[in-house]
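The structure appears right after this line, and notes come after that.
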Amino acid sequence: MKPSVLQLAEQRTVLLDGGMGTELMKHGLSQGECPELWNVKKPETIKKIHTSYFESGSDVILTNSFGGNKIKLASSDLEKKCYELNFEAARIANHAKPKGKFVAGSMGPTGKFLQPHGDFTEKEFENAYAEQAKALSDGKVDFLLIETQYDLKEAICALRAAREQSVLPVFVTMTFKKHPKGFYTIMGNSIHQCVEELEVNNVPAIGANCTVNSQEMVDIMFSFREATSLPLIAQANAGDPVVGKNGGITYSQSLEDYILFVPAIVENGASIIGGCCGTSPEYIKRMAEIIFHGI
């Protein structure tokens, strides 16, 4: 029997994959098109991207289901396909998975806000995440990753929904922005507040992803490690997105600059590390060389 991701993380650094959206755009995903729809329209392309990450050294890849909750899918009139799109996301990822590797069910934010800042209740958020969590679980992912959460209350809604629908481990990563007094989510949640709430809810692995570059992630991991002994997850962006004259998107942090900070991210506490927006299989390959071979 293979060890769980958490057991593996006790033995060595676990390497996640990099950006999915960036790779989809390279393969022709148009602006405004729903990425999850490609799970049924172009499953071989999704499998190809997953395979490229495994071949680059990833221990874990994330399903193409980041925007797969019902509220997010409703913006593309696809909420009735929630179960199908998420189940297919898990099925494709598992088909690409080599022996001994892992698949995480990606659960990103709704893109909306809870009352009084927005129109939604906590129950509506829970309902939006519930079917996604069930589909990913039924599709045999190894664990669920509630990621890129900018509101701690929404993260807890997603967590409750996931646990109602699945017996799988559920990890949570928040997304922060640097401010003069430290790192905060856009809803004003501090790292310490997030750690405290997620620990109370017995989340077995927590961390940060998206928004910040790899240099800023060094400081975020330091703050997390000061506050908790839990396994930490780190997935930094390759800097900020830059829109070119032709509408294409590149990112401000070069590969060489990005990987420069990977050792410090690990040293400051990350036991599960990967990339987020703007990172590619090439980033993961270089991270694997650093983490596993010290190159």
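The values are calculated or read from the model by the stated rules, or taken from the named source; none is laboratory data. Note that this is a predicted model, so its numbers are computed, not measured. Reconstructed Cβ throughout: ideal geometry from the backbone, glycine too, with neighbour counts over all protein chains shown.
When the stretch 24-68 is filtered for residues that are buried (at least 18 other Cβ atoms within 10 Å of the Cβ), part of a loop (DSSP other than H, G, I, E, B) and of a type in the set (Asp, Glu), only Asp59 remains.
Only one of the numbered conditions (1) buried (at least 24 other Cβ atoms within 10 Å of the Cβ); (2) within 18 Å of Val170 (Cβ to Cβ) is not met by Met221, and that is (2). Limited to the stretch 241-267, what total is found for residues that are surrounded by fewer than 16 Cβ atoms within 10 Å (Cβ to Cβ), part of a loop (DSSP other than H, G, I, E, B) and either hydroxyl-bearing (Ser, Thr, Tyr) or at pLDDT 95 or above (or both)? Here the count works out to 2.
The rows are residues; the columns are (1) among the acidic types (Asp, Glu); (2) closer than 25 Å to Tyr83 by Cβ.
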| position | (1), (2) |
| --- | --- |
| Glu10 | yes, no |
| Gly19 | no, no |
| Thr22 | no, no |
| Gly28 | no, no |
| Thr45 | no, yes |
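Residues in the stretch 100-132 that are hydrophobic (A, V, I, L, M, F, W, C) and closer than 23 Å to Lys47 by Cα were compared, and the one that is surrounded by the most Cβ atoms within 10 Å (Cβ to Cβ) is Met107. Taking the criterion of being surrounded by fewer than 20 Cβ atoms within 10 Å (Cβ to Cβ), outside any strand (DSSP E or B) and at negative phi, the residues of the stretch 174-193 that qualify are Pro180, Lys181, Ile186, Met187, His192, Gln193. Selection of the stretch 6-23 for residues being within 19 Å of Pro263 (Cα to Cα), of a type in the set (A, V, I, L, M, F, W, C) and in a loop (DSSP other than H, G, I, E, B) yields only Leu16. Of all residues in the stretch 217-239, those satisfying the criterion of being in contact (Cβ under 8 Å) with a residue 12 or more places away in the chain and either assigned to a strand (DSSP E or B) or over 23 Å from Ile61 (Cα atoms) (or both) are Asp219, Phe222, Ser223, Phe224, Arg225, Ala227, Thr228, Leu232, Ile233, Ala234, Gln235, Ala236.
Looking at Ala270, Ala288, Ala227, which one is modelled with pLDDT of 95 or more, over 23 Å from Asn64 (Cα atoms), surrounded by fewer than 20 Cβ atoms within 10 Å (Cβ to Cβ) and of a type in the set (Gly, Ala, Ser)?
Exactly one residue qualifies, and that residue is Ala227.
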